[in-house]
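What follows is a structure written as structure tokens; I'll ask about it next.
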Amino acid sequence: MLLTIDVGNTNITMGVFDGEEIKATSRMTAKRMRTADEFGIDICDMIRYNKVQIEDITDVIIASVVPDVMYSLRRCVEKYFRVKPIIVEAGIKTGIRITTVNPKQVGSDRIVDAVAAYEIYGGPVIVVDYGTATTYDLVDKDGTFLAGVTAPGIKTSAEALSGMAAQLPQIEILKPEHILAKETITSMQAGIVYGQIGQTEYIIKKMKEESGMSEIKVVATGGLGVLIAEETEVIDVYDANLTLKGMQKIFAKQK
């Protein structure tokens, strides 16, 4: 079986694949530093909880946008799984061509999302990932990564409001029933959620206009993405495990 590990700025998401079938997923916070042993114990516990035997993990692939954790994570994989992990980085076979000004600056999370969206749903495709940042990436019908847009994430925006304005509290991310809010918390929720819906619709509209591609499938992912996908018609598909699926497909290409 294959263990996929996606290291984001907020969460570390893991998936276990048997071939192309995803058998289990788990998530842990990325907000604190861990030693190799702490990573090993946490990851092994999550795998066992999902009724998968550690001995069944034969390969590991990692995509990370947090360089600081990579030394400990590599050592964890080598010690606890006795394999050398494949790292999604410049030079790895992905099946897509990146034509941005500096391809090395494209995050590994965006690459694996693009691979999964293109191979599963076809191109041209816009991939929207609602993570720490909300990213919009365009892949054409030939599998070329053409361009991307980066905006503050939903939770990042909410934390910025409460962190920078003394009288604004931390809030749960929910869509209020009405946009005409009558108190502080629902007014913040309305601004954050309806604002993100409007941002999504406008950015996708402009990406289609500037690319000259009107018939583009839009695929969304990311933990809070389902909240937005349910509220707009511009998103065609929401796939919670898109990133993990992209890592599995990249792993298969290395073989």
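Based on the alpha-carbon set only, what is the convex hull volume of region 97-247 divided per residue, in Å³?
Numbers: hull volume 17.3 nm³, N = 151.
Cα convex hull per residue, to the nearest whole number: 115 Å³.
How large is ³J(HN,Hα) for each residue in region 212-223, as worked out from phi by the Karplus curve 6.51 cos²θ - 1.76 cosθ + 1.60 (θ = phi - 60°), to whole Hz, x for Gly and Pro?
The phi angles translate into x, 10, 7, 9, 10, 6, 10, 10, 10, 8, x, x Hz.
Kindly flag which residue pairs out of LYS31/LYS175; LYS23/LYS253; LYS182/LYS205; LYS23/LYS217; LYS23/LYS155; LYS217/LYS245 have an alpha-carbon separation exceeding 23 Å in this structure.
On the way: LYS31/LYS175 26 Å; LYS23/LYS253 20 Å; LYS182/LYS205 31 Å; LYS23/LYS217 27 Å; LYS23/LYS155 28 Å; LYS217/LYS245 18 Å.
In this structure, LYS31/LYS175; LYS182/LYS205; LYS23/LYS217; LYS23/LYS155 lie more than 23 Å apart at Cα.
Between the helical axis of 184-211 and the dominant principal axis of the chain, each derived from Cα atoms, what acute angle in degrees is found, rounded to the nearest 10?
That helix lies at roughly 80 degrees to the long axis.
Tell me the GluC sites (Glu not before Pro) within region 123-187 that lie in a loop according to DSSP and have at most 13 other beta-carbon atoms within 10 Å.
Details: sites: GLU159, GLU172, GLU177, GLU183; in loops: GLU172, GLU177, GLU183.
Of the GluC sites (Glu not before Pro), the ones in loops of region 123-187 whose Cβ has at most 13 other Cβ atoms within 10 Å are GLU172, GLU177, GLU183.
Additional query: List the GluC sites (Glu not before Pro) within region 60-127 that DSSP assigns to loop and that have no more than 14 neighbouring Cβ atoms inside 10 Å. Write down the numbers at each step before the final one.
Numbers: sites: GLU78, GLU89, GLU119; in loops: GLU89.
Within region 60-127, the qualifying GluC sites (Glu not before Pro) (loop, at most 14 other Cβ atoms within 10 Å) are GLU89.
Here's something else I'd like to know. Round to the nearest 10 and give me the degree value, 0 to 90, for the angle of helix 36-49's Cα axis relative to the longest principal axis of the chain.
80
With +1 assigned to the C-beta of every Lys and Arg and -1 to the C-beta of every Asp and Glu, and no other charges, what is the dipole magnitude of the chain about the Cα centre in debye, to the nearest 20? Could the numbers behind the result be given before it?
Details: 28 positive and 34 negative charges, 149 e Å.
Using only the charged Cβ atoms, the result is roughly 720 debye.
Taking the dipole about the Cα centre of region 2-87, with the C-beta of Lys and Arg at +1 and of Asp and Glu at -1, give me whichever of ILE22, LEU2, PHE39 is farthest to the positive side.
PHE39
Something else now. Name the trypsin sites (Lys or Arg not before Pro) in region 1-63 that are in a loop by DSSP and that have at most 13 other C-beta atoms within 10 Å, would you? Working shown, then result.
On the way: sites: LYS23, ARG27, LYS31, ARG32, ARG34, ARG48, LYS51; in loops: LYS31, ARG32, ARG34, LYS51.
Passing both the DSSP loop test and the Cβ count: LYS31, ARG32, LYS51.
To the nearest 10 degrees, how steeply does helix 108-121 sit against the main Cα axis of the chain, on a 0 to 90 scale?
80
Can you list the HN-Hα couplings for region 227-238, worked out from phi with the Karplus curve (6.51, -1.76, 1.60; θ = phi - 60°), rounded to whole Hz and with x for Gly and Pro?
4, 7, 4, 6, 10, 9, 8, 6, 8, 7, 9, 10
Same structure, new question: Just check the chain against the gyration tensor rule for me: Cα atoms, a ≥ b ≥ c as the square roots of the eigenvalues, rounded for a/c under 1.5, and otherwise prolate or oblate depending on whether a/b exceeds b/c.
Since a/c reaches 1.5 but b/c is at least a/b, the shape of the chain is classed as oblate.
Restricting to the chain, compute how many DSSP beta bridges are antiparallel as a %, nearest 5.
If I count the DSSP bridges inside the chain, around 60 percent turn out antiparallel.
Here, each number is a calculation from the coordinates, and none is a lab measurement. Just so it is clear, the structure is predicted and the values come from calculations on it, not from any experiment. No Cβ is skipped: glycine too gets one built from the backbone with ideal geometry, and neighbour counts run over all protein chains shown.
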